[in-house]
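Notes follow once the structure below has been shown.
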Amino acid sequence: QKEVEQDPGPLSVPEGAIVSLNCTYSNSAFQYFMWYRQYSRKGPELLMYTYSSGNKEDGRFTAQVDKSSKYISLFIRDSQPSDSATYLCAMSEGAQKLVFGQGTRLTINP
Amino acid sequence: EAGVAQSPRYKIIEKRQSVAFWCNPISGHATLYWYQQILGQGPKLLIQFQNNGVVDDSQLPKDRFSAERLKGVDSTLKIQPAKLEDSAVYLCASSRLAGYSTGELFFGEGSRLTVL
């Protein structure tokens, strides 16, 4: 069993839709949870960062962490074609290495 | 602020040949990471440096991979001899602090390796 599981998609939705991306994990020691966005042939860039459980909102993006279920989510409201990318969840215990999910390829259709 | 610089962007080699990748992190960033990203997978940490010392190299295939960070600034990652399964994008990242308390790793655009 992988430490972090993420549905690779691909996921295709129309412009303006609400997008839900999810990851599950097995290591209960994970405390730091991140979402990275990776455009084609580019390096990942940090999108959202959450410590422990709870929600965090930044513009059209909302990150949720449910440590009791070992489940994290990223919601994108009013999705735009420019949101088309691969979304990677990542998590760590703290000073330990960052463990990435497989990534979900998302396409927003105009 | 200049980003993380990597070269070469693309490299094609035959199996059993050697290859080296170079990375220059963001100025002032103490921690440097090399990740391997195989097509369709998430990045996997190969090695982490804090200044010029190794913090974590537990997933580095040391029989063929080596990395160094002289003077605590830029770094090179070498593969010798290369295998077909080494075909991947090699991502360099840097962060201002050690650990992941902020989650802010800055990635370069990567070096794409194809082994034939």
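The values are calculated or read from the model by the stated rules, or taken from the named source; none is laboratory data. Being a predicted model, the structure only gives us computed values, none of them experimental. Don't worry about glycine lacking a Cβ; one is built from the backbone with ideal geometry, like all the others, and counts go over all protein chains shown. Surface areas here come from the heavy atoms of the whole protein model, side chains and all, with no ligands, DNA or RNA. Shrake-Rupley method; radii C 1.70, N 1.55, O 1.52, S 1.80 Å.
May I ask you to verify whether A:Ala63 is of a type in the set (A, V, I, L, M) and more than 10 Å from the chain's Cα centre (by Cα)?
Judged against the criteria, A:Ala63 is not a match.
What are the residues in the range B:1-24 that are at pLDDT 95 or above and not in a strand (DSSP E or B), if any?
Of everything in the range B:1-24, those that are at pLDDT 95 or above and not in a strand (DSSP E or B) turn out to be B:Val4, B:Pro8, B:Arg9, B:Glu14, B:Lys15, B:Arg16, B:Gln17, B:Ser18.
Can you name the number of the only condition in (1) modelled with pLDDT of 95 or more; (2) within 8 Å of chain A (Cβ to nearest Cβ) that B:Leu105 fails?
(1)
Could you list, in sequence order, all residues of the range B:73-88 that are open to solvent by less than 20 Å² (accessible area, probe 1.4 Å) and out of contact with any Cys (no Cβ under 7 Å at 6 or more places or on another chain)?
B:Leu77, B:Ile79, B:Ala82, B:Asp86, B:Ala88
Give me the residue from the range A:94-109 that is modelled with pLDDT of 95 or more and over 13 Å from the mean Cα position of the chain (by Cα) and, out of that set, surrounded by the fewest Cβ atoms within 10 Å (Cβ to Cβ).
The residue in question is A:Asn109.
Look at the range A:15-34 and say how many of its residues are within 21 Å of A:Gly59 (Cα to Cα), more than 15 Å from the chain's Cα centre (by Cα) and either within 13 Å of chain B (Cβ to nearest Cβ) or open to solvent by less than 30 Å² (accessible area, probe 1.4 Å) (or both).
Residues that pass the stated criteria total 1.
Kindly indicate whether B:Ile38 is modelled with pLDDT of 95 or more and within 11 Å of chain A (Cβ to nearest Cβ).
yes
Looking only at the range A:45-93, filter to residues that are within 12 Å of chain B (Cβ to nearest Cβ) and of a type in the set (A, V, I, L, M); which one of those is surrounded by the fewest Cβ atoms within 10 Å (Cβ to Cβ)?
So, considering only residues that are within 12 Å of chain B (Cβ to nearest Cβ) and of a type in the set (A, V, I, L, M), the one surrounded by the fewest Cβ atoms within 10 Å (Cβ to Cβ) is A:Leu46.
Starting from the range A:5-21, keep only residues that are within 15 Å of A:Leu74 (Cβ to Cβ) and among the hydroxyl-bearing types (Ser, Thr, Tyr), then list their pairs with residues that are modelled with pLDDT under 95 and open to solvent by less than 50 Å² (accessible area, probe 1.4 Å) whose Cβ atoms are within a distance under 9 Å, requiring at least 6 positions of separation or different chains.
Going by the 9 Å Cβ cut-off, there are no qualifying pairs.
Enumerate the strands (runs of 3 or more DSSP E) found wholly within the range A:1-45, keeping only those where 1 or more residues are of a type in the set (Lys, Arg).
Strands (runs of 3 or more DSSP E) meeting the threshold: A:32-38.
Looking only at the range A:94-110, filter to residues that are touching a residue at least 24 places away in the same chain (Cβ under 8 Å) and at the interface with chain B (Cβ under 7 Å from one of its Cβ atoms); which one of those is farthest from A:Pro8 (Cα to Cα)?
A:Gly94
Counting residues that are among the polar types (S, T, N, Q) and on the phi < 0 side of the Ramachandran plot, which strands (runs of 3 or more DSSP E) fully inside the range A:49-106 reach at least 2?
In the range A:49-106, the matching strands (runs of 3 or more DSSP E) lie at A:61-66, A:85-92.
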